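Structure first, then comments.
The values are calculated or read from the model by the stated rules, or taken from the named source; none is laboratory data. Remember, predicted model here, so these are calculated numbers, not experimental data. Cβ atoms come from the backbone with ideal geometry, glycine included; neighbour counts cover every protein chain shown. Surface areas here come from the heavy atoms of the whole protein model, side chains and all, with no ligands, DNA or RNA. Shrake-Rupley method; radii C 1.70, N 1.55, O 1.52, S 1.80 Å.
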Amino acid sequence: MDEKFDCIIVGAGVAGLTAAMILARNNMKFLLIEKGEFPGSKNVSGGVIWGEDLSRLVPEYWHETDGGWDRYINHRRLTFIDEQSSFSIDFKSDHFNTPPYAGIVVLRSKFDRWLAGKVEEAIAESDFAMDSFIATNILVEEILMEKDKAVGIRTGDEKFYADSIILAEGVNNLLTRQAGLQNDYVPADHILTGVKEIIRYDQNVLEDRFQLNGLSGMSNEYVGFATRGVEGGGFLYTNRDTISIGLVLGLKDLRKKGLKPHDILSDFKAHPVIKDTIRGGEVVEYSAHVVSSGDKRIMPKKLYKDGLLVCGEAANLLMNAGKAIQGMDYAMRSGILAAESAIKARDAGDFSSHIMKGYQDALNNSYVMQDINNFQDAVHLLHNPVMYQKMPNLINHFGRNFFTIRNEPTKKAHAMFRESVSEHASWMDLIKIGIKGARSL
Amino acid sequence: MKFYVCIKQVPDVNAPLQIRDGELLQDRDRMILNAYDASAVEESLVLTEEHGGKVEVVMVGPDKARETLRKALAMGADNGTMILTDRPDLDSTAYSRILAAFFKDKDYDFICCGKQAQDTDAGLTGSMLAEQLELPYVSNAVGLNYENEKLIVRRQGDAGQEIIELPSPGLVTCSNDMNEPRIPNLKGIMQSKKKPVDSITPEDLGIDIGSIELSTNILGFEEMPERETGKKFEGDPDEIAREVARLLDQEAGLV
Amino acid sequence: MNTILTYISVSDGKIKRSSLEVLSKCRLEAEKNGLKTAALIVDENASSLAEKVRPYGPSEVYIVEGSEFKNHLNSPVLKAVSGAMNTIQPKVMAFASTENSKDILGALAANQNAPALPDMSEFELTDKGVKGKRPVMAAKIISRVEAVGDPVIISVRSGSYDLIESPSEPQIKKLDFTVTEKEIKTTIREILTAAGDKVDLSEAQTIVAAGRGVRDEEGRKLIDELATVLNAGIGASRALTESGVYDPSLQIGQTGKVVSPQLYIAVGISGAIQHTAGMANSKVIVAVNKDPDAPIFDITDYGIVGDLYKVLPPFIEELKKLKSN
Ligand SMILES: Cc1cc2nc3c(=O)[nH]c(=O)nc-3n(C[C@H](O)[C@H](O)[C@H](O)COP(=O)(O)OP(=O)(O)OC[C@H]3O[C@@H](n4cnc5c(N)ncnc54)[C@H](O)[C@@H]3O)c2cc1C
Ligand SMILES: Cc1cc2nc3c(=O)[nH]c(=O)nc-3n(C[C@H](O)[C@H](O)[C@H](O)COP(=O)(O)OP(=O)(O)OC[C@H]3O[C@@H](n4cnc5c(N)ncnc54)[C@H](O)[C@@H]3O)c2cc1C
Ligand SMILES: Nc1ncnc2c1ncn2[C@@H]1O[C@H](COP(=O)(O)O)[C@@H](O)[C@H]1O
């Protein structure tokens, strides 16, 4: 046996780094392994971490204005677009201006690396300053099992052992599958693909364009023509001197329609409304990444096993119900809970399912699983073609009439609405969506 | 046999670059070990693995560059020295002076440098250092061997290659054509944390870094003049091949 | 003190065109600044080469001759050039950027306590020294630089300046030179010359370069044929020099040679920046690659998307036809 750790974490994304932070603070001897050149090098995110968990990990992180985060969100917008128009729900509030912020925009290569630095600091202060590690550029190829208990990992011809193993490998969860916790087959209906560009501006131009003040930022989600009728949605977030703009698209629908994500993104950027919003910048990065759909049906039934815990998107923890994508905050919370279970197991000297199950219970009781359970219908609703095809057209048709003033008698709004409905959908569609919507949200 | 390898942390040239108001905005997150230095580390490891000996690495740079020094240790170097300075504008002359001061009272058989740093592409430091230390040197090595206490250096010249005997103590600058630097394995990474790293300052070597006046300065950066995007030909190979041949003749007059 | 001195690079008994380009530019700079232009030839048969630099207008040609220069070794060359600099006291010492000048540039700068600017793509004299431009970061960007001092040592990328004739009747001055065995320090054991290295790539007007896409004998034959039709030099990417398919001296790029021909044809080369660092300055660039998204197409004038095994035969045939007309 080479060397034994209290815990080995696979994957230095948000979930893995979070778990590592908790382990370091609790004097666990651990190894965090990342296949990328550095933490964050392989990670693609649109970029808003929602909620306040980050301040639990790095207290008062907001003082580090040159740290890992770009801007805090105080301005949110949800936009429905058809071919020419956009209709937005827009909310901006001073209420969001004080820390702890309710949402911060991050660029993952920067954020993950910064968080890894914080973990290194925590390691240095722990009892295992010289014996806990973050190792990058190492691919874990196998989870070593003994009598159905996870006991270690293999990379190349090296093997390392630990009392517990936390899988935080992200959406492409090969090891989770290998451990038998997830079906090998996930139907394409449940897989989405995210594409994203980072566009750079002069910082003053960016701040003027989006009415930013200091480090405030805005997030904008898009429904409708954004995706050329493909299931999914769009987003735009402001970073320091760049924006992240992108789409999340249903893989099956893409295939069926024979469209390429990048082409849809180009069309989206050429939309009259978007074009004006983003003009003048320089594209500095393009990336693509799979995203889980947040559909419970593809979640592993069990997120643990003897000696093993699964957290973050490896466990398919993700919510995409239209108003935001939540993946990083779920990764963070589940990482915290997984680490806490590993610590409990060490304290109890028992690494069996018996103790590990406590993780799943804690997760079920947390907002993560409660939201996933409560908003399943909203997730399905968003995947309803009426929602991403007909509704935006209808809304914009109505908007166009409503905001047009002619030198002739004006119709009442409800009459205009009737007209829009009969033009773009049917009352039946609306009623169905209305009922589903009312129930789901 | 004792090797010293001089290593430099450089920005990853594959990462996107940005120039604003003549300044190069470097992504501090995309700093790597200069590829030529990685080859120099690799080759000295191979030689000491075969003939016995030790490999020490030395770097002049800011504290943040330490992770790059660790990388060399994770590859297998025995220990390292960080010569700490935050001064960002130093040129090869300045670096070579600091390194010369460091080596003044050291014992070694060979000093290895990279043939050039990937960011400045200067290729000066190695031979500057050799001249100051009055060492024999060979540049642009593409192969190293050890025989009878001499390094047998295969050097890539303008047309052919020369095989040169370099006595100890000597200095050699390495091309990346000599090997594929190993990627540290997990064990190497773990061991690197426990390997000794000396941290010293140029002042410890008797150099007042603040008062170094540089004789070469960077005045600013500019974009490469962009090439106009040309034509792309897709379709039947026979047709497009003939068409481009004709265009080379008619448009460019190059046939 | 009142001279710009250009080092004339000699390889295989022939003067390298790139050093004459530097000499041409130095003469213009000298005239602009009221200085003299001089050339320095360090070679086994230096005297016989003096005549060859006359067309480019130096007022003096300094000669250092000796059997020590038969094969390149840095210590004798370094001693010869530093000795010449001590005697001539030039304001600027300029080299063409070649592997052999790179070999001594740093040591010479340290020896003369002079600032050095290597691999310039542009330069001019200032009242404090030299300023100009040099490509950095694998030639992705240009850095504007200055050197303050007297003398300043520079090297210049090939193809940066045109040859300009302006014949002169230079004085030929022979400099004394001796070097002891002890001073030479290193010994040459063997010289390996590239097989069939006929065309000097850094001077070639046309280059056909092969990359990993050229995967077998048949591919190499196509490259040979194409080069023959166009009377071109053959170059290669690191993928093929590393694997020993082509001689390492044919490598073009950051590690290899910088070239600037009139026509560069990249066959089966993806266009990694370390490769384009050495060829992006070519006048006309053609690429054959089956991947329409290969980065090489970002810099080509004529990009042929297709399998080289299908594209090259008709391409060669058509070129032959055009040639014979
Ligand atoms: C375009 C797009 C936009 C998004 N926008 C948002 C948003 O605005 N807000 C939000 O909260 N979420 C967003 N998400 C979702 C979010 O990115 C993910 O949910 C989140 O990154 C999951 O974190 P994680 O730590 O579980 O996994 P990841 O961040 O994917 O990290 C997993 C890590 O494990 C490593 N790894 C995998 N396998 C191995 C192995 N075998 N050995 C070693 N290392 C391994 C990977 O390299 C990776 O670094 C978005 C996603 C996409 C694609
Ligand atoms: C420090 C450093 C220095 C370097 N210096 C150099 C250097 O000086 N010179 C250099 O060249 N590289 C250099 N490299 C390496 C460089 O990064 C690339 O790896 C190398 O240039 C790739 O060579 P390639 O384009 O031939 O091969 P690849 O990148 O493998 O590309 C092969 C291309 O051929 C195409 N292809 C394949 N089959 C066919 C076919 N049948 N028909 C048409 N097209 C086909 C493919 O689509 C592909 O685009 C350096 C790297 C480093 C790290
Ligand atoms: N700051 C530094 N610290 C250690 N070695 C260096 C440093 N700068 C340059 N070198 C060495 O000198 C070589 C050539 O550098 P340069 O002259 O900048 O091209 C590098 O490959 C290193 O081996």
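Quick notes on this one:
- Dmax and Rg, reported as Rg then Dmax, of segment A:188-292 (C-alpha, Å): 14.1, 45
- Segment C:183-298, accessible surface, carbon-and-sulfur percent (1.4 angstrom probe): 48
- Cα long-axis angle, helix A:108-125 against chain A (0 to 90 degrees, to the nearest 10): 30
- Taking each residue as 0.36 nm, the span from B:Asp238 to B:Leu25 lengthens on full extension beyond its C-alpha to C-alpha distance by 72.1 nm.
- For segment B:2-205, DSSP calls about 40 percent of its internal beta bridges antiparallel.
- In straight-distance terms, cross-link reach from C:Lys173 covers every one of the lysines whose alpha-carbon lies under 17 Å from its own, apart from those fewer than eight places away in the same chain; here that gives C:Lys36, C:Lys52.
- Reach of B:Lys104 by Cα under 15 Å, taken over aspartates and glutamates that are not fewer than 8 positions away in the same chain: B:Glu131, B:Glu134, B:Glu203, B:Asp204
- Across peptide B:182-190, the mean count of Cβ atoms from other chains lying within 10 Å of each residue's own Cβ comes to 6.
- With DNA, RNA and ligands ignored, accessible area of A:His262 (1.4 Å probe; Å², nearest 10): 80
- Inter-part distance where segment A:279-326 and segment B:96-174 are each reduced to a Cα centre, Å: 51
- The label point for A:Ala270 and the one for A:Glu285, both projected 7 Å from the Cα toward the Cβ, are 2.6 nm apart.
- Taking a ≥ b ≥ c as the square roots of the eigenvalues of the Cα gyration tensor, segment B:2-205 is classed as rounded, since a/c falls below 1.5.
- Area hidden from solvent between B and C (accessible, protein heavy atoms only, 1.4 Å, total, Å²): 7400
- Residues of chain C: accessible area per residue with a 1.4 Å probe, Å²: 39
- Full extension of the segment from A:Asn364 to A:Asp184, taken as 0.36 nm per residue of separation minus the current Cα-Cα distance, would add 62.4 nm.
- The portion of the accessible surface of segment A:188-292 made up by carbon and sulfur, rounded to a whole percent, is 49 (1.4 Å probe; DNA, RNA and ligands excluded).
- Karplus (6.51, -1.76, 1.60) ³J(HN,Hα), θ = phi - 60°, over segment B:18-25, in Hz, Gly and Pro reported as x: 9, 10, 10, 6, x, 9, 8, 8
- Radius ratio Rg over Rh of segment B:54-115, counting only Cα atoms, Kirkwood formula for Rh: 0.95
- Restraint check, B:Lys115/C:Lys310; B:Lys2/B:Lys64; A:Lys118/A:Lys269; A:Lys4/A:Lys302; C:Lys102/C:Lys221; A:Lys256/A:Lys357, Cα-Cα greater than 29 Å: B:Lys115/C:Lys310; A:Lys118/A:Lys269; C:Lys102/C:Lys221; A:Lys256/A:Lys357
- The sum of -39500 (n - 2.57) across all DSSP H runs of n ≥ 4, divided by the residue count of chain A, sets its helix-only mean residue ellipticity at 222 nm to -10500 deg cm²/dmol.
- Counts of other chain beta carbons within 10 angstrom of each beta carbon in peptide C:291-301 average 3.
- Pairwise Cα inverse-distance average, inverted: Kirkwood Rh of chain C (Å): 20.9
- Whether segment B:177-238 is rounded, prolate or oblate, judged on the alpha carbon gyration tensor where a/c under 1.5 counts as rounded: oblate
- Average accessible surface area per residue within segment B:2-205, 1.4 Å rolling probe, Å²: 36
- P(r) tail fraction, chain A - alpha-carbon pairs more than 43 Å apart, %: 16
- Calculated FRET value between C:Ser166 and C:Lys323, using beta carbons and R₀ = 35 Å, to 0.05: 0.50
- When the trypsin sites (Lys or Arg not before Pro) in segment A:99-178 are filtered for DSSP coil states and for at most 15 other beta-carbon atoms within 10 Å of their beta-carbon, the remaining sites are A:Lys147.
- The value of relative contact order for chain A, using C-alpha pairs under 8 Å at least six residues apart, is 20 percent.
- Globularity index of segment C:3-174, i.e. its alpha-carbon radius of gyration over 2.2 N^0.38 Å: 0.94
- C:Lys290 paired with B:Asp86, simple spin-label distance in nm, labels 7 Å along Cα-to-beta-carbon: 5.5
- From the Kirkwood radius over Cα pairs of segment A:264-364, Stokes-Einstein at 20 °C and 1.002 mPa s returns a whole-number translational diffusion coefficient of 131 µm²/s.
- Coordinate range along principal axes, alpha carbons of segment C:152-203, Å, largest first: 42, 36, 24
- Interface residues, segment C:126-173 - accessible area loss of 50 Å² or more versus chain alone, probe 1.4 Å: C:Met137, C:Lys140, C:Ile141, C:Ile142, C:Arg144, C:Glu146
- At q = 0.06 Å⁻¹, base-10 log of I(q)/I(0) for the protein assembly as shown (Debye sum, equal scatterers on each alpha carbon): -0.55
- Separation between Cα centres of segment C:293-325 and segment C:166-241, rounded to whole Å: 25
- Förster radius 22 Å - calculated FRET efficiency between C:Gln262 and C:Asp224, Cβ distance, rounded to 0.05: 0.65
- The modelled label-to-label distance for the pair A:Arg25/B:Arg246, using points 7 Å beyond Cα in the direction of Cβ, is 7.3 nm.
- The DSSP beta bridges internal to the protein assembly as shown are antiparallel in roughly 50% of cases.
- Straight Cα distances below 23 angstrom link A:Lys275 to the lysines A:Lys92, A:Lys196, A:Lys260, A:Lys323, A:Lys390, with same-chain residues fewer than 8 positions distant left out.
- Accessible surface for chain A, divided over its residues, is 42 Å² per residue with a 1.4 Å probe.
- A compact globular protein would have a Cα radius of gyration near 2.2 N^0.38 Å; the ratio found for segment A:8-163 is 1.28.
- The residues packed around A:Tyr330, meaning those with a beta-carbon under 9 Å from its beta-carbon, carry a net charge of -2 if Lys and Arg are +1 and Asp and Glu are -1.
- Distant alpha-carbon pairs in segment C:206-324 (separation over 24 angstrom), percent: 15
- Angle of helix A:391-402 to the longest C-alpha principal axis of chain A, folded into 0 to 90 degrees and rounded to 10: 40°.
- For A:Glu121, the solvent-accessible surface computed with a 1.4 Å probe is close to 100 Å², ligands and nucleic acids excluded.
- Note on A:Trp50: accessible area is roughly 30 Å² with a 1.4 Å probe, heavy atoms of protein only.
- Over segment A:126-266, relative contact order from alpha-carbon pairs under 8 Å, at least 6 apart, %: 18
- Of interest is the spacing of the C-alpha centroids, which for segment C:55-117 and segment A:42-59 amounts to 59 Å.
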